[in-house]
Amino acid sequence: MTQATEEARGEAAGLYPIRTVSSLTGVNAVTLRAWERRYGLIQPQRTPKGHRLYTREDIERIGRVLDLLNQGISISQVKPLVDDNLAPPSASAPETGHADEWQRYRERLLQAISRFDEPALDAAYNDALSLYPVELVIRNLATPLLQQLGKQWKDRPAGVAEEHFFSVYLRNKLGARIHHINARGTGPRLLIACLPGEYHEIGMLFFALTAASHGYRVLLLGANLPLDQIPPVLELQRCDAVVLSGSSRPARGLFDEQLPALVQACTLPVFVGGGITLRHSQDIEKAGATPGGEDFQAALRQIAARIRKP
């Protein structure tokens, strides 16, 4: 019996293969397996050939784990809380332990970056990603580290090189992961690009990876994209929404001309995320687009709600 046949029989019996669970929860398969092996958080059933199958109760349990992690509980502290359906012990203690854990990861990465040691950098980054969902790794590790490198470059002899080294590493790592997940995606497709004049792609890639991890397919068009290039692309590739990323400084004519013209030219919902939304949400709405902010989960909920509308 093939793996596909085993999984089809499992789904008919109300069981889900690991790739489906990963799409539903946003937790990648590597992390799900690590939670099982290292912490005993989930105990899926197995097919005769050893493939994992999860129940609806397992998926709900994973959701509970995610809730606790988002509240600041360390992965090593989660199991007893989930087993007994308990609330976190207190607001301060777990958050301190969790913060210390992320700080240790940041120190490992900083050491590797200061030596331009890619194997050590890769080992630390992969270790964090194997235990925590990508959203938490982005929020608690990668983004603060980029900010720290951006602030300290003037004070270090190779500060600019360090920042570039980590940015290139992240760009390659995120791109490879997005490509891998995208090849298996079956959900709605999002056209994702940076606004005109926006050359920093990392935020766009962070969002694209989060979306792909939640089952979306992504069509990436990179940095500094003229908005008049999007409608011809949409004629060739069916997409369900357009997502644009930008920093706090809009290009000249963006809100008065370019963004309204794009909204009128395509029939899809257009979303704008990133730092630009902090000061220009009203301008974005006036142009006919939807400001998505910097919270990826909230943005994905917005997108899902719009896509579902007839």
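The values are calculated or read from the model by the stated rules, or taken from the named source; none is laboratory data. Note that the structure is predicted; figures quoted are calculated from it, not measured. No Cβ is skipped: glycine too gets one built from the backbone with ideal geometry, and neighbour counts run over all protein chains shown.
Hey, could you check segment 274-285 for residues that are surrounded by fewer than 16 Cβ atoms within 10 Å (Cβ to Cβ) and out of contact with any strand residue (DSSP E or B) (no Cβ under 7 Å at 6 or more places or on another chain) and say which is modelled with the highest pLDDT?
Per the stated criteria, the residue is GLN282.
Just give me the residues in segment 134-191 being β-branched (Val, Ile, Thr) and either within 25 Å of ALA241 (Cα to Cα) or in contact (Cβ under 8 Å) with a residue 24 or more places away in the chain (or both), in sequence order. Reasoning before the result, please.
Step one: of segment 134-191, the residues β-branched (Val, Ile, Thr) are 134, 137-138, 143, 160, 168, 178, 181, 186.
Residues satisfying the conditions are VAL134, ILE138, THR143, ILE178, ILE181, THR186.
If you go through segment 286-296, how many residues are surrounded by 14 or more Cβ atoms within 10 Å (Cβ to Cβ) and under 18 Å from VAL137 (Cβ atoms)?
Filtering segment 286-296 down to residues surrounded by 14 or more Cβ atoms within 10 Å (Cβ to Cβ) leaves 287-294, 296.
Imposing the further condition that a residue be under 18 Å from VAL137 (Cβ atoms) reduces the set to 294, 296.
Qualifying residue count for the region: 2.
Among (1) in contact with a Lys or Arg (Cβ under 9 Å, 6 or more places away or on another chain); (2) at pLDDT below 85; (3) over 24 Å from TYR216 (Cβ atoms), where does GLU7 come up short?
(3)
Taking into account only those residues within segment 228-273 that are under 12 Å from ALA193 (Cα atoms) and in contact with an Asp or Glu (Cβ under 9 Å, 6 or more places away or on another chain), which is surrounded by the fewest Cβ atoms within 10 Å (Cβ to Cβ)?
GLY246
Out of (1) closer than 26 Å to ARG171 by Cα; (2) without any contact (Cβ under 8 Å) to a residue 60 or more places away in the chain, the odd one out for GLY273 is which?
The single condition GLY273 does not satisfy is (2).
Any residue in segment 125-132 that is touching a helix residue (DSSP H, G or I) at 6+ places or on another chain (Cβ under 7 Å), farther than 27 Å from LEU41 by Cβ and either buried (at least 18 other Cβ atoms within 10 Å of the Cβ) or free of Cβ contacts under 8 Å to residues at least 24 places away in the same chain (or both)?
No, every residue in segment 125-132 fails to be touching a helix residue (DSSP H, G or I) at 6+ places or on another chain (Cβ under 7 Å), farther than 27 Å from LEU41 by Cβ and either buried (at least 18 other Cβ atoms within 10 Å of the Cβ) or free of Cβ contacts under 8 Å to residues at least 24 places away in the same chain (or both).
Could we say that PRO188 is touching a helix residue (DSSP H, G or I) at 6+ places or on another chain (Cβ under 6 Å), under 21 Å from ARG301 (Cβ atoms) and surrounded by fewer than 24 Cβ atoms within 10 Å (Cβ to Cβ) here?
The answer is yes for PRO188.
Return the total of residues in segment 260-283 being part of a loop (DSSP other than H, G, I, E, B) and touching a Pro at 6+ places or on another chain (Cβ under 9 Å).
First, pick out the residues of segment 260-283 that are part of a loop (DSSP other than H, G, I, E, B): 266-269, 274-276.
From what is left, the residues that are touching a Pro at 6+ places or on another chain (Cβ under 9 Å) are 266, 276.
Qualifying residue count, segment 260-283: 2.
Checking the structure you have, find out if any residue of segment 172-185 is in contact with a Ser or Thr (Cβ under 7 Å, 6 or more places away or on another chain), over 19 Å from ILE138 (Cα atoms) and not hydroxyl-bearing (Ser, Thr, Tyr).
For segment 172-185, residues in contact with a Ser or Thr (Cβ under 7 Å, 6 or more places away or on another chain), over 19 Å from ILE138 (Cα atoms) and not hydroxyl-bearing (Ser, Thr, Tyr): absent.
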